[in-house]
1. Does the range 124-134 contain any residue that is at pLDDT below 95 and either crowded, with 17+ Cβ neighbours inside 10 Å or among the small types (Gly, Ala, Ser) (or both)?
2. Only one of these conditions is not met by Leu83: (1) under 20 Å from the mean Cα position of the chain (by Cα); (2) exposed (fewer than 15 other Cβ atoms within 10 Å of the Cβ); (3) farther than 22 Å from Ala70 by Cα. Which number is it?
3. In the range 87-187, which helices (runs of 4 or more DSSP H) lie fully inside it and hold 1 or more residues that are of a type in the set (S, T, N, Q) and either in contact (Cβ under 8 Å) with a residue 60 or more places away in the chain or out of contact with any Leu (no Cβ under 8 Å at 6 or more places or on another chain) (or both)?
4. Do the conditions hold for Trp13, that is, is it of a type in the set (Phe, Trp, Tyr), under 16 Å from the mean Cα position of the chain (by Cα) and assigned to a helix (DSSP H, G or I)?
5. Looking at Tyr47, Tyr66 in this structure, which one is aromatic (Phe, Trp, Tyr), part of a helix (DSSP H, G or I) and either touching a strand residue (DSSP E or B) at 6+ places or on another chain (Cβ under 9 Å) or free of Cβ contacts under 8 Å to residues at least 40 places away in the same chain (or both)?
6. Hey, Asp37 hits all of (1) under 16 Å from the mean Cα position of the chain (by Cα); (2) charged (D, E, K, R); (3) not in a helix (DSSP H, G or I) but one; which does it fall short on?
7. Would you confirm, using the coordinates I've provided, whether Glu138 is at pLDDT below 95 and exposed (fewer than 15 other Cβ atoms within 10 Å of the Cβ)?
Amino acid sequence: MTDPLLPHRVAVWDPFVRLFHWTLVACVVLNLFVLEDGARAHRYSGYLAFALILARCIWGVIGTPYARFAGFWPTPARLCAHLDRLAAGEPDPYPGHNPAGALMMFALMAGVLALGISGYLMGTDAFWGEEWLEETHEWLANGLLALAGVHVLAALLMSRVEGVNLPRAMVTGVKEFRHRHPGARHD
């Protein structure tokens, strides 16, 4: 029998998921902080981000077990149980996304898709120069920035709470659980 408090390593994030994540981060950072709004590079970066989300959706159906959406779909029951355990001070580490993390992931993906659609429409003849669409695109960008900030803070907080370095896991693909709890999920 192994000691449940010894480090336990789980290969979680496959190369596609990690490449998707960090390439999407680069696209978002470039478009929000570096590239000029409306410039060709801004548009291409946005199109790439949109294509990445579509590819991730496909991978969420056919990909590796921890990448599949079915394995971490954030149902209300799963989310409530997860939040109840956190509130009780008994975190239950998940090898893949926990329900709150999954909900955030889907919100971020929806935000990128909405930005891609609004950005594309702004360049069409039918919507060229429409102020409401430009304002919507800007609002969506600011909303995505806020969500990304919450995502980063939550990853850092959950790293402390669960004893798992989540940013490192997104680089290496491996989660190392230093504190195992009796009810830890490893499915």
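1. Among the residues of the range 124-134, at least one is at pLDDT below 95 and either crowded, with 17+ Cβ neighbours inside 10 Å or among the small types (Gly, Ala, Ser) (or both), which makes the answer yes.
2. Answer for Leu83: the failing condition is (3).
3. 131-162, 166-172
4. The answer is no for Trp13.
5. Tyr66
6. Evaluating Asp37 over (1) under 16 Å from the mean Cα position of the chain (by Cα); (2) charged (D, E, K, R); (3) not in a helix (DSSP H, G or I) leaves (1) as the failure.
7. no
For (1) in contact with a helix residue (DSSP H, G or I) (Cβ under 7 Å, 6 or more places away or on another chain); (2) at pLDDT 95 or above; (3) under 20 Å from Gly173 (Cβ atoms), each residue gets a yes or a no:
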position: Ile58; (1), (2), (3): no, yes, yes
position: Ile62; (1), (2), (3): no, yes, yes
position: Arg68; (1), (2), (3): yes, yes, yes
position: Gly71; (1), (2), (3): yes, no, yes
position: Ala88; (1), (2), (3): no, no, no
position: Pro99; (1), (2), (3): yes, yes, no
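The values are calculated or read from the model by the stated rules, or taken from the named source; none is laboratory data. These numbers come from a predicted model, not from an experiment. Please note: Cβ atoms are built from the backbone with ideal geometry, for glycine as well, and neighbour counts cover all protein chains shown.
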